[in-house]
Amino acid sequence: MADLRIAIAGDLHGAWDHTDQALLETLAPDALLVVGDLSDGQQRIPALLRQLTLPVACILGNHDTGKDSSGLTLQRQIAALGQLHCGWRLRELPGLSVVGGRPATAGGGYHLSQAALSAFGPVTLQDSVNRITTAAQGASPQWPLVLLGHSGPTGLGSDATSPCGKDWKPPACDWGDQDLALAVQQIQRQRPLPLVVFGHMHHVLRRGQGHRLTFCTDRAGTAYLNTASVPRHGTDEQGRALRHFSWVEFEGMHLVHVSHRWFGLGGECLYEEKLFSAPSPALAPQVATGVLGKC
């Protein structure tokens, strides 16, 4: 049995309701991580997340500004989430340290939208890196550390199919966040960083280009997981309602399982795409083929 079982909700885009809350009560993970784009600035989903009894950490995405350049919608979203929001800060959950990246990012290197500028002021690239790395320095050394971003970091590939690859118009390029990449490099010099979780770049590519690579690892042993399965509410060919969560498990400081799972409303795992499996920290890890199968 894993020491930590963590459910991760990718870009919600409004697809969150009381069925998700009931499902989490049945699955009983140790924590829930949410990667942003909850909606277009509405208050409904932050209120529902606050009702959950399990520990939650959430970052906000570019859609959470509500296209409100004044920054007021973004500030209301942050206030509605309260302590659940971990943008540029450390959130300690039982047995797990979570550090958030830059809130409201839309990827593409380093750029602050007018809404983000209005809400946060003129934060430079180095300011953002410093905020992330300083937060990580306060994390418990006895617990695994997860970086939670809306967009992933640069450096994971420049193809449309890459975890942060630009797919909506040619040419394809690396559309990750530069500040998150620099923070990752600094943190890796100081302590183990087993996992970086993000969304923003949807799994199904635009213009019929297929599907995105959603998991990879680097030479330092850090794993990167794109959780943006959109829409995350759906039905299968048999008409059964499906809810998507990415799922990760830790044994001590070691990441031992990563998958995408589609659950029925009663808690049954109907489909699973296994991405990574390490039966024990003492054994060599295996990167799975990513083939979708039944649980």
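Scanning residues 5 or more positions from Leu270 or on other chains, those with amide H under 5 Å from its amide H are Trp262, Phe263, Gly264, with H placed 1.01 Å from N in the peptide plane. In order along segment 118-133, the phi-based Karplus estimate (6.51 cos²θ - 1.76 cosθ + 1.60, θ = phi - 60°) of 3J(HN,Hα) comes to 5, 7, 10, x, x, 7, 7, 3, 5, 4, 5, 4, 5, 5, 5, 5 Hz; Gly and Pro are listed as x.
Leaving out ligands, DNA and RNA, and with a 1.4 Å probe, what % of the accessible surface on segment 119-245 is carbon or sulfur? Roughly 51 percent of what the probe reaches on segment 119-245 is carbon or sulfur. Spin-label pair Gln51-His211: with each label point 7 Å from Cα along the Cα-Cβ axis, the two points sit 3.2 nm from one another. Remark: the Trp168-Ala220 segment gains 15.6 nm on full extension, using 0.36 nm per residue and subtracting the alpha carbon distance.
Counting only DSSP beta bridges with both residues in the chain, the antiparallel share comes to about 65 percent.
The simple spin-label model puts a point 7 Å past each Cα toward its Cβ; for Ala79 and Asp40 those points are separated by 2.3 nm.
Do any GluC sites (Glu not before Pro) in segment 199-285 lie in a loop, going by DSSP, with at most 15 other beta-carbon atoms within 10 Å of their beta carbon, and if so which? When the GluC sites (Glu not before Pro) of segment 199-285 are filtered for loop state and at most 15 Cβ neighbours within 10 Å, Glu237, Glu268 remain.
Taken about its Cα centre, the chain carries a charge dipole of about 340 debye when Lys and Arg each add +1 at the Cβ and Asp and Glu each add -1 at the Cβ. Projected label points at Glu25 and Thr235, each 7 Å from Cα along the beta carbon direction, are separated by 2.5 nanometres. Each helix, a run of at least 4 DSSP H residues, gives -39500 (n - 2.57); summed and divided by the residues of the chain, these come to -6000 deg cm²/dmol at 222 nm. When +1 charges are put on Lys and Arg Cβ atoms and -1 charges on Asp and Glu Cβ atoms, the dipole computed for segment 1-150 relative to its Cα centre reaches about 340 debye. All Cα-Cα distances of the chain, cut into 10 Å bins from zero to the largest, leave 7, 30, 39, 21, 3, 0 percent in each bin in turn.
The values are calculated or read from the model by the stated rules, or taken from the named source; none is laboratory data. Predicted model only: the values in this text are computed from it and were never measured. Glycine also receives a Cβ, built like all others from the backbone with ideal geometry; neighbour counts cover every protein chain displayed. Heavy atoms of the whole protein, side chains included, go into the accessibility calculation; ligands, DNA and RNA do not. Shrake-Rupley method; radii C 1.70, N 1.55, O 1.52, S 1.80 Å.
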